[in-house]
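The block underneath contains the structure these notes are about, expressed in structure tokens.
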Amino acid sequence: MNELIDKLKQELIEVLNLEEVQPADIDNNAPLFGDDGLGLDSIDALELIVLLEKNYGIKLNDPKEGREIFKNMTTMAEYVSQHRTK
Amino acid sequence: MGIYIQSAAQISIQKPLTDEWLQQPIEHTQHHVRAIEPNFRDYLEAGESRRMGRIQKRALATALSALQQAQLDMPEAIITGTGLGCVESTERFLQAMVRSGEDFLQPTHFMQSTHNTIGSQIAVKLGCHGYNNTHVQDGVSFESALLDALVNFETGRIRSALVTANDELTPDYFALLGQLNYWKQEPITRQTLFNAQTPGAFAGEVSVAFVLQNSRNELSLCQIYALELLHRPSPEQLASCLSLMLSDNNLTLSDIDAVMIGKSGDRDNDAIYAQHAHLWGGRPMAWYKHLFGESFSASGLGLYAAIKCLQHKCLPSHMTLNGASISNPNCILMYNHFMNREHSLILLSTC
């Protein structure tokens, strides 16, 4: 799981162009969205949905699912490991 | 009512956000030169800029610099001219779509790809809810934006405006335009551009911003007397327009210290300037595209260059066609054309 989390962090930094953020700066259990964590917003959520589909073959049909999946890096990695098709 | 230019800032193939090119211009020899960028962190937080393409960062840096120089926090209008818009972002989302078999659309690059993203980003950064418009008119995009501002001033709708011109040129777009003979094939030197015996110019990128207002103060750099845009004018129509422009402002040709033209080194482009040279009554002529390159918004840098010459009271010898510098210029006429279709005249004077 840790390996997948690290990979997802790299991909997230790249796709969201978080130039000043290092993978180590992202706490696995800190919120990705909102003021308390990484501070991502709705446009970032769209990018993450595209990332999951493109890199892992996961198609999110219900955007509401994203709230739980993208809660933090751990929830995201768990969802990816359970649903990935590639 | 007068309309005054309070500040001007550029990012181009010359040193950015300074006037150093007046004394020490950088001479480029390559056919395609990307703009020299400043440290954008001086103007934008990392979080602010992460969704922006280069053209948007450049536009914001020049806009913020111009506003700072003019000591203006909030313009009443933001008006942008761009020929190509955000080409880099457009290419990125299109290329990603092609790579993925048209299955995935990258939201950020798609959002950034529209032409009016540039003016919108400036407005978002400033929190400006005023008039915001973008003009996309090939080589007269900037003049169209400036005309929009002047009309808004003259009708009393605004008292201040930020007018910008922005164009980027990616390697792919450079290659495409190259197939249409837009660029020189031989080595670039001032002499090859000056002689203009072959087709093609050399490419530059533009981000330039001006603050205009309808009242003069100690910061005012110059006054815009007139701007005229003409579509496929005959020599007689051009002469008549010039005559009217001068008489409306109680001027004669002898009051003009220099005529700044859009000579680029392209044989066909420059032939039009030669054809109309008699209109200027032998007044000294100057050019700027050998310094800043050719682009759809190059005339914005022409205006910037003219303003700086008026501000610093010198038109340097490297800009005049006869090689003699002009000291204390008070009045500059700009004449540009785009593919001999759209022609523009802008009359500027010290104030």
TODO: Could you check, for the range B:205-223, whether at least one of its residues is under 21 Å from the mean Cα position of the chain (by Cα), free of Cβ contacts under 8 Å to residues at least 60 places away in the same chain, closer than 23 Å to B:PHE296 by Cβ and in the same structural domain as B:SER12 (by TED's automatic domain parsing)?
DONE: no
Task: Which listed residue, of B:ARG50, B:ARG54, B:ARG58, is among the basic types (Lys, Arg), more than 14 Å from chain A (Cβ to nearest Cβ) and touching an Asp or Glu at 6+ places or on another chain (Cβ under 9 Å) - done: B:ARG58
- [ ] Sort through A:LYS86, A:LYS59 and tell me the only one that's surrounded by fewer than 16 Cβ atoms within 10 Å (Cβ to Cβ) and modelled with pLDDT under 90.
- [x] A:LYS86
Open item on the list: Can you say whether B:SER7 is open to solvent by less than 10 Å² (accessible area, probe 1.4 Å), polar (S, T, N, Q) and within 14 Å of chain A (Cβ to nearest Cβ), as far as the supplied structure shows?
Closed with: no
Task: Every residue from the range B:41-64 that is surrounded by fewer than 18 Cβ atoms within 10 Å (Cβ to Cβ) and outside any loop (DSSP other than H, G, I, E, B) - done: B:ARG41, B:ASP42, B:ALA46, B:GLY47, B:GLU48
Task: Selected residue (criterion: most open to solvent (accessible area, probe 1.4 Å)) from residues of the range B:330-351 that are in a loop (DSSP other than H, G, I, E, B) and under 17 Å from B:ASN249 (Cα atoms) - done: B:ASN330
Open item on the list: Here is a check on your reading of the model: is B:ALA96 of a type in the set (Gly, Ala, Ser) and modelled with pLDDT of 95 or more?
Closed with: no
Task: Selection count where residues are surrounded by 15 or more Cβ atoms within 10 Å (Cβ to Cβ) and either small (Gly, Ala, Ser) or part of a helix (DSSP H, G or I) (or both), scope the range A:62-73 - done: 3
Open item on the list: What pairs come out if I take residues in the range B:305-332 that are under 26 Å from B:ALA66 (Cβ atoms) and pair them with residues that are assigned to a helix (DSSP H, G or I) and open to solvent by 30 Å² or more (accessible area, probe 1.4 Å) whose C-beta lies under 9 Å away, six or more apart or interchain?
Closed with: B:HIS318/B:ARG190; B:ILE326/B:SER317; B:ASN330/B:ASP255; B:CYS331/B:ASP255
Open item on the list: Looking for something of a type in the set (D, E, K, R) and either part of a loop (DSSP other than H, G, I, E, B) or at the interface with another protein chain (Cβ under 10 Å from one of its Cβ atoms) (or both) - is there at least one such residue anywhere in the range A:10-18?
Closed with: no
TODO: Give the residue, chosen from B:ASP167, B:ASP138, B:ASP148, B:ASP103, that is within 14 Å of another protein chain (Cβ to nearest Cβ) and either closer than 21 Å to B:SER299 by Cβ or acidic (Asp, Glu) (or both).
DONE: B:ASP103
Open item on the list: Restricting to the range B:78-103, give me the number of residues that are in contact (Cβ under 8 Å) with a residue 40 or more places away in the chain and surrounded by fewer than 23 Cβ atoms within 10 Å (Cβ to Cβ).
Closed with: 4
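The values are calculated or read from the model by the stated rules, or taken from the named source; none is laboratory data. In this text, all values refer to a predicted model and were calculated from it rather than measured experimentally. Here the Cβ is made from the backbone with ideal geometry for all residues, glycine too, and neighbour counts use every protein chain on show. These accessible areas exclude ligands, DNA and RNA; they are computed on the full protein's heavy atoms, side chains included. Shrake-Rupley method; radii C 1.70, N 1.55, O 1.52, S 1.80 Å.
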